[in-house]
Each structure stands twice: as C-alpha cells, then as structure tokens.
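Have a look at the structure below before the remarks.
Each value in this text was obtained by applying a stated rule to the coordinates, not by laboratory testing. Being a predicted model, the structure only gives us computed values, none of them experimental. Cβ atoms come from the backbone with ideal geometry, glycine included; neighbour counts cover every protein chain shown.
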Amino acid sequence: MSQGLRITFLIHAVFGFAFGLVMYLVPAQFATFIGWAPIDPIMTAFCGALFLALAVSSVLGYRAHEWAVARPVVETEITFTVLGTIIGLYYAVFATAPTFIWVAIVIWAVFAVAWIYYFFREAAAAKDMTGGQMSGMTGARPG
C-alpha cells in the first residue's frame, strides 16, 4: 500500500476525530457556533458519531498493509465523501444552509478526489502485482 494512501488515512482520521468529538460531546454548542439552525442536538451528535466511526475506520485503513484489507475502507470513504459533497452543494445552492457548509464541502470534495485517486492507483498496483488478477475484490469468488 502506498505511503500517500497511508497519509490520507491519517489526515482523514485527524479531521474525523476533531469534528466528530466536538459534534458528539457538545452538539448544541457546535451547531450554534456554525449557524446550523434549527438546532437539533440529537442529529448533530449522531453526525458526530458517524465522523468518529469513519475516523476509526481510517485508523484501521492506516494500519493495513495490504490493499485487499484497505479497499473496503476506501470504498466506504468514497461513498461518504461523494454523497456529502453532493448534498452539501445542493443545500448551499438551492436551500438555506449556514456559511460553514462551504468548509464541509471543500473538505469532503478534497477527500473524495484523494480517495478516488488512491482507489484506482492501488487497484492498478494490486493488479500488476498479481499478474492481472484483481486481489481483494469485494464479492469475488474463485473460479
């Protein structure tokens, strides 16, 4: 697994823990600070729990030494960051959203690009190392 992917996991874990802890431990204060209204501390705390879970998965991805182990984590991260970017853009453009949404959109978009880049890069490297066989494919069964 490339050093770049490992660094991406590490940076993502830091962001996830930082935002997740604040949202989980002081949800009403966080929502008030960023202008998220009406304030729903329960949903804010649930979002914090989600960010903490993704941070833990990034730590697991960082600790992985093989693409086959890290691949499901990267696939999950791609799904979350792409969907987060899309919904963030929707609310920023077509609905009332706090200005802070642009910070989230930029963070999600940067991570989405990084995850997608490393997904294809690592998959190609794994294919090269296995002589054309994709190792660690989700749902793959021996012939």
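List of remarks:
- Nearest-ten-degree value, helix 67-94 long axis tilted from longest Cα axis of the chain: 30
- When Rg/Rh (Cα atoms, Kirkwood Rh) is calculated for this entry, the matching label among (i) 1.05; (ii) 0.93; (iii) 1.09 is (i).
- Ordering Arg63, Arg6 by the number of other Cβ atoms within 10 Å of each residue's own Cβ, fewest first, gives Arg63, Arg6.
- Each of Phe94, Phe19 was scored by other Cβ atoms within 10 Å of its Cβ. Listed from fewest to most, they are Phe94, Phe19.
- For the chain, calculated [θ]222 nm from helices alone, where every DSSP H run of n ≥ 4 adds -39500 (n - 2.57): -27000 deg cm²/dmol
- Euclidean distance between Cα centres, the stretch 74-107 to the stretch 28-44, Å: 17
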